[in-house]
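The values are calculated or read from the model by the stated rules, or taken from the named source; none is laboratory data. These numbers come from a predicted model, not from an experiment. Every residue, glycine among them, receives a Cβ derived from its backbone with ideal geometry; neighbour counts consider all protein chains shown. Accessible surface is based on the protein model in full, side chains and every heavy atom, while ligands, DNA and RNA are left aside. Shrake-Rupley method; radii C 1.70, N 1.55, O 1.52, S 1.80 Å.
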Amino acid sequence: MASVLITGTSKGIGLEAALVFGRAGHRVHATMRNPSQSPALAEMALREKLPITVSAMDVDVDESVREAIVAIQQAHGPIDVLVNNAGIERSGSVEELPLADFRAVMETNYFGVIRCIQSVATQMRKRRSGCIINVSSVAGRITSSPLSSYMASKWAVEALSEALAGEMKMFNVRVAIVEPGIIDTAMARRIGVPPSDSVYPQQARFASLFEALLKNPVPPTLVAEKILEIAESSSWQLRHLVGPSAAPFLQWRSQMSDEEWVDLYASDDETWYRRIELDFDLDTRPKSRLTTVGSS
């Protein structure tokens, strides 16, 4: 039985990861900002008599992370597996999205990961044992408007993880990156909601793409099971794609030069929707309004 710390367990991938680890018999330390506002996991753990303890931890705050992890280690011993899952998104063009939103996304998705890693790395290194799993996204391998803030944070996590893997392998500590495609989570559903007025058309296009893909939803349990598989394995594989849309998105990007990729996103609506239809056999055209030219 491993001692597993998972961040961002109030819903989605984090909640499902806590459950699959608990059902597999591991001791789970499930953290979230406000446990009182998200009682679902604690209630399920109690009902199923799972070895899951829910505690408060805000990955945005140094003291919160330090105090929470010290308390866990004092009560239960060293942490064997760290799953950095906590994450937020903001959608909007670089021009229109407030700087505060860029900072908030990076604070949680990138600096939050660093805070948690630094709180467990020393004991893992000294014990020459452990596994750090960072939940990234295919968004950490490609870029597109209107998710520049989110994608930038995931690119940062990818770079951090790759460097960390080289450092920690010297001490027999495994590092892995999980890269889901579009998964049926609250975050994906929010992206799939048509935006308010913007001079940039990319947000409406992306909302239509997410809405179309979520008609055949991929449950977050798929990602949770992959995380468990990685933790229980002895594999040193760094990157792990998850979900039916993950590899196709990366292949789509690899087929285009940088300039072709930029041109596609700068194209008018008709060109964009036609390209999606041809490459993915997917109709993402908004049904409630006529297609318009992608600039104003």
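Quick notes on this one:
- Some residue of segment 164-182 being among the small types (G, A, S), closer than 25 Å to I132 by Cβ and out of contact with any helix residue (DSSP H, G or I) (no Cβ under 7 Å at 6 or more places or on another chain): yes
- As a summary of the residue check, N216 satisfies the conditions (1) without any contact (Cβ under 8 Å) to a residue 60 or more places away in the chain; (2) under 16 Å from the mean Cα position of the chain (by Cα) except for the one numbered (2).
- Residues being free of Cβ contacts under 8 Å to residues at least 40 places away in the same chain and either on the phi > 0 side of the Ramachandran plot or open to solvent by 80 Å² or more (accessible area, probe 1.4 Å) (or both) - total across segment 235-265: 8
- Residue that is most open to solvent (accessible area, probe 1.4 Å), among those in segment 4-53 that are acidic (D, E) and in contact (Cβ under 8 Å) with a residue 24 or more places away in the chain: E48
- Residues of segment 115-127 include none that is within 26 Å of W252 (Cβ to Cβ), within 20 Å of the chain's Cα centre (by Cα) and surrounded by fewer than 19 Cβ atoms within 10 Å (Cβ to Cβ).
- Look at (1) open to solvent by less than 20 Å² (accessible area, probe 1.4 Å); (2) within 24 Å of D281 (Cβ to Cβ); (3) modelled with pLDDT of 90 or more; (4) out of contact with any Ser or Thr (no Cβ under 7 Å at 6 or more places or on another chain) and you find that A207 fails only one, number (3).
- Residue selected from segment 59-104 under the condition among the polar types (S, T, N, Q) and within 17 Å of the chain's Cα centre (by Cα), by the criterion most open to solvent (accessible area, probe 1.4 Å): S91
- When segment 190-204 is filtered for residues that are open to solvent by less than 60 Å² (accessible area, probe 1.4 Å) and either β-branched (V, I, T) or under 19 Å from N84 (Cβ atoms) (or both), only I191 remains.
- Condition met for G140 (at pLDDT 95 or above, open to solvent by 10 Å² or more (accessible area, probe 1.4 Å) and of a type outside the set (S, T, N, Q)): no
- Selection of segment 155-189 for residues being more than 14 Å from N109 (Cα to Cα), open to solvent by 30 Å² or more (accessible area, probe 1.4 Å) and either in contact (Cβ under 8 Å) with a residue 40 or more places away in the chain or under 11 Å from the mean Cα position of the chain (by Cα) (or both) yields E162, K169, F171, N172, A186.
- Residue match in segment 272-282 (condition: of a type in the set (V, I, T), within 21 Å of Y200 (Cα to Cα) and open to solvent by 70 Å² or more (accessible area, probe 1.4 Å)): no
- Of all residues in segment 114-141, those satisfying the criterion of being part of a helix (DSSP H, G or I) and either in contact (Cβ under 8 Å) with a residue 60 or more places away in the chain or under 20 Å from F21 (Cα atoms) (or both) are C116, I117, V120, M124, V138.
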